[in-house]
1. Can you tell me which residue among R89, R108 is of a type in the set (D, E, K, R), more than 7 Å from ligand 1 (Cβ to nearest atom) and more than 21 Å from the chain's Cα centre (by Cα)?
2. Of the residues that sit in the stretch 138-152 and are away from ligand 2 (no atom under 16 Å from the Cβ) and crowded, with 17+ Cβ neighbours inside 10 Å, which one is nearest to A42 (Cα to Cα)?
3. Which members of the stretch 91-106 meet the condition of being within 12 Å of ligand 2 (Cβ to nearest atom) and in contact with a helix residue (DSSP H, G or I) (Cβ under 6 Å, 6 or more places away or on another chain)?
4. Kindly list the number of the only condition in (1) closer than 30 Å to D8 by Cα; (2) outside any helix (DSSP H, G or I); (3) away from ligand 1 (no atom under 12 Å from the Cβ); (4) among the small types (G, A, S) that fails for A156.
5. Those residues that are part of a loop (DSSP other than H, G, I, E, B), closer than 20 Å to S92 by Cβ and either among the hydrophobic types (A, V, I, L, M, F, W, C) or within 12 Å of ligand 1 (Cβ to nearest atom) (or both), I need them from the stretch 32-54; list them, please.
6. Among L189, L180, L168, which is in a strand (DSSP E or B), surrounded by 16 or more Cβ atoms within 10 Å (Cβ to Cβ) and away from ligand 1 (no atom under 16 Å from the Cβ)?
7. Name every residue in the stretch 111-149 that is within 13 Å of ligand 1 (Cβ to nearest atom), part of a strand (DSSP E or B) and not hydrophobic (A, V, I, L, M, F, W, C), in order of residue number.
Amino acid sequence: MGKIRVLDDQLANQIAAGEVVERPSSVVKELVENAVDAGSTAIDIVIEEGGLASIRVTDNGSGIEADDIETAFQRHATSKISSASDLFRIASLGFRGEALPSIAAVSRLTTVSSQESTGLGRRVVIEGGAVTANEPANAPQGTDMLVKDLFYNTPARLKYMKSIQTELGHISDYVNRIALAHPGIAFTLTHNGNTLLRTLGTGDRLQVIAAVYGSSAAKSMLPVEAETPDYEMRGYISKPEMTRANRNGMTTIVNGRYIRSFVLNQAIVQAYHTLLPINRFPLVVLELGMHPSLLDVNVHPSKMEVRFSKEAELKELVEQAVRAALRSERYIPGPESAA
Ligand code: ADP
Ligand code: MG
């Protein structure tokens with residue numbers, strides 16, 4: 001008899017969790033992305049002790065069908081794609097079907113979800129990947145995910161967690177960015193009872209910028225807009241007077257997803273050219289929309305990096321649009337400032 005065995009699901013999920021759930025902020029990211037995908041207009045995030053004690057994400061989205069809840073926690077279970085061709089036109093934030101089983105494998109998780117506006121839902125409890133309860137529950141429409149004791153059964157991972165303040169910093173950074181990406185959703189972030197962020201969900205991105213960076217920063221922003229047959233771009237850039245010591249104030253959003261893009265950041269900085277002092281960076285919130293086929297998001301489990309199929313063209317568009325915004329305010333001489 002050979003020595004090779006297929007691992008049981010619980011163990012396989014714990015291994016996958018090592019990739020998907022790096023730290024509390026990864027849990028927040030995955031739960032919030034699910035809430036966004038569910039069409040929520042309000043998402044509340046409540047954190048205790050940097051997320052190490054508990055993480056709760058409550059949304060008013062579509063909810064999960066009672067019969068589907070346990071399935072949602074199985075590996076590679078997703079309602080978002082169904083065929084290989086879907087991989088080339090991903091319109092949702094999730095699609096890998098890995099987040100919930102991974103999170104549930106390394107925590108004590110309770111979910112209450114309801115699809116009915118009448119308030120009849122389902123409550124499922126999973127501890128270390130094993131379902132311990134699945135029962136009817138009263139619930140408003142939407143989904144409530146409570147994740148406690150993250151990494152309680154993976155001591156090696158727990159040991160790598162940093163201070164509460166550091167973990168909270170990662171969470172707060174992510175929530176700020178997803179709120180900037182979705183001004184139409186009302187977000188709240190609460191830590192140990194203190195409200196750290198509140199956005200109104202009115203669709204006004206400047207309100208979110210004010211909530212994240214302060215109202216004086218919001219007043220110093222210039223609008224950016226551009227459109228080509230392939231791309232739609234809009235957002236805000238700071239006037240060259242308001243700069244920061246690093247790139248953390250640069251948020252690029254592609255099809256509703258906050259991504260890290262060296263190429264886009266570089267295009268933006270190049271557009272400012274000599275207007276930026278050396279080693280200073282602008283505050284930027286830039287949203288790009290494009291057909292999903294122009295984009296590969298299946299690069300890394302965290303989906304923070306993407307590949308653009310026409311990278312050079314996109315870079316040029318971004319640089320030109322940022323230049324045009326600066327020119328219209330006469331920071332750069334050009335046709336518009338002659339008027
Ligand atoms: P993915 O997001 O890649 O599909 P997940 O493991 O994150 O995988 O979630 C599995 C499925 O559970 C989703 O496809 C979705 O159908 C359902 N789901 C998860 N969270 C929510 C939510 N907050 N509201 C509605 N459905 C949800
Ligand atoms: Mg997901």
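The values are calculated or read from the model by the stated rules, or taken from the named source; none is laboratory data. Nothing here was measured: the structure is a model prediction, and the numbers come from that model. FYI the Cβ positions are ideal-geometry reconstructions off the backbone, even for glycines, and counts take in every protein chain you see.
1. On the way: R89 fails: more than 21 Å from the chain's Cα centre (by Cα).
Exactly one residue qualifies, and that residue is R108.
2. Restricting to residues being away from ligand 2 (no atom under 16 Å from the Cβ) and crowded, with 17+ Cβ neighbours inside 10 Å, the top hit is Q141.
3. S92, L93, G94, E98, A99, L100, P101, S102, I103 - these are the residues of the stretch 91-106 that are within 12 Å of ligand 2 (Cβ to nearest atom) and in contact with a helix residue (DSSP H, G or I) (Cβ under 6 Å, 6 or more places away or on another chain).
4. Condition not satisfied by A156: (2).
5. Within the stretch 32-54, A38, G39, S40 meet the criteria.
6. On the way: L180 fails: in a strand (DSSP E or B); L168 fails: in a strand (DSSP E or B).
Of the residues listed, the single one that is in a strand (DSSP E or B), surrounded by 16 or more Cβ atoms within 10 Å (Cβ to Cβ) and away from ligand 1 (no atom under 16 Å from the Cβ) is L189.
7. T111, S113, S114, G121, R122, G142, T143, D144
The rows are residues; the columns are (1) over 24 Å from the mean Cα position of the chain (by Cα); (2) over 24 Å from V32 (Cβ atoms); (3) not hydrophobic (A, V, I, L, M, F, W, C).
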position: V254; (1), (2), (3): no, no, no
position: P292; (1), (2), (3): no, no, yes
position: H300; (1), (2), (3): no, no, yes
position: E305; (1), (2), (3): no, no, yes
position: E313; (1), (2), (3): yes, yes, yes
position: L317; (1), (2), (3): yes, yes, no
position: A321; (1), (2), (3): yes, yes, no
